[in-house]
Amino acid sequence: MNSYKNLIKNGYCFLTNNISEKEIVSLKAGLEIEHQRLNDVKRINLTDLKNKVLIKKIFSYLDNKFITNVLDKISKIDNEVSIFPPFESMKNNFSSIRRADHGWHRDCGGQKDYKFCLEKLKNKNYRFGKIGIYLQTNSEYGGAIDIVPCSHFSGRKVKSSFSDLFTKSSLLLVDKFCLFLKNYIRQNNNKIDWGKFVIGNKRLLPIPGQIIIFDSGLLHRGTPIKVKIIKKLEELQGKVIEKNHHLNYNLRDNNKFVLYSHYANQIGIESYFFHRLRIDDNQNELEKWFTWLEKLDNRIPFKRKSLNILKKAEKNIRKFSL
Ligand SMILES: [Fe+2]
């Protein structure tokens, strides 16, 4: 099945990125320096990197004919899809397996509380999701993501068919199962990764440098570090204090780096901001998106297109944010 069909049907797809092994090593070394310069923060805006050569390199990976092809195919007339902020590098971003949902979530989860967003999410033309460039494959140190294929249909109107019915029922089971875990599993039980029992889950194994695009409705989690590795790390580095349920180990050669950005159309952006601008201390996120896009080199092909789409969405966002 081609990438575009995979994204629509299964909620995700792999795309090729011709980054050599040597390039990956130098990319990770460059990002390591940038993260350490900023107190080893988990996320950095790529437009803020000191190393300008690195910025240029990374954006050349986003300017990829395979990404453009898929985005063009999922675009609708008058509702084009483009690439959007944040453009970020994430280092060792792991959810704790002790968390009640074991890291499983939908990126559009926060939008489901609003009627306005539910309408948008149900729109068959809604497009919003992540573009991730994974600089390592999945191993016992994590490295990429686990997903539930087809789980993005939740809340959308899709043609009713047998397979769709199956998807919906299995999803319901997954949701109920997570709820069951939330209520009944002791929070400090770290002997088992309960999240791996979520029905229908699949561990993705990208080639280092490969791109995974996934829909904001897809149930997913960052693949956790194996429990036996955590135990070993704790012997060496002491027990790690979990901040906001995130782990903070130094995995040295296995440090995980992922480059994330969004793909979206106007409908997707409006739904995203309806929720995001209602979060405390987050009222300037829309301005930030404009700033990050303006900061991009004018030669980056998607810059103008993205700014135009965002300006169109802004008018409506301002209306419903009053
Ligand atoms: Fe996520």
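Quick notes on this one:
- The residues of the stretch 281-308 that are under 22 Å from residue 60 (Cβ atoms) and in contact (Cβ under 8 Å) with a residue 60 or more places away in the chain, listed by number, are 289, 292, 293, 295, 296, 297, 300, 301, 302, 305, 306.
- Any hit, the stretch 304-320, residues being of a type in the set (Val, Ile, Thr), at pLDDT 95 or above and closer than 15 Å to residue 83 by Cβ: yes
The values are calculated or read from the model by the stated rules, or taken from the named source; none is laboratory data. Everything numeric in this text was worked out from a predicted model, so none of it was measured. Here the Cβ is made from the backbone with ideal geometry for all residues, glycine too, and neighbour counts use every protein chain on show.
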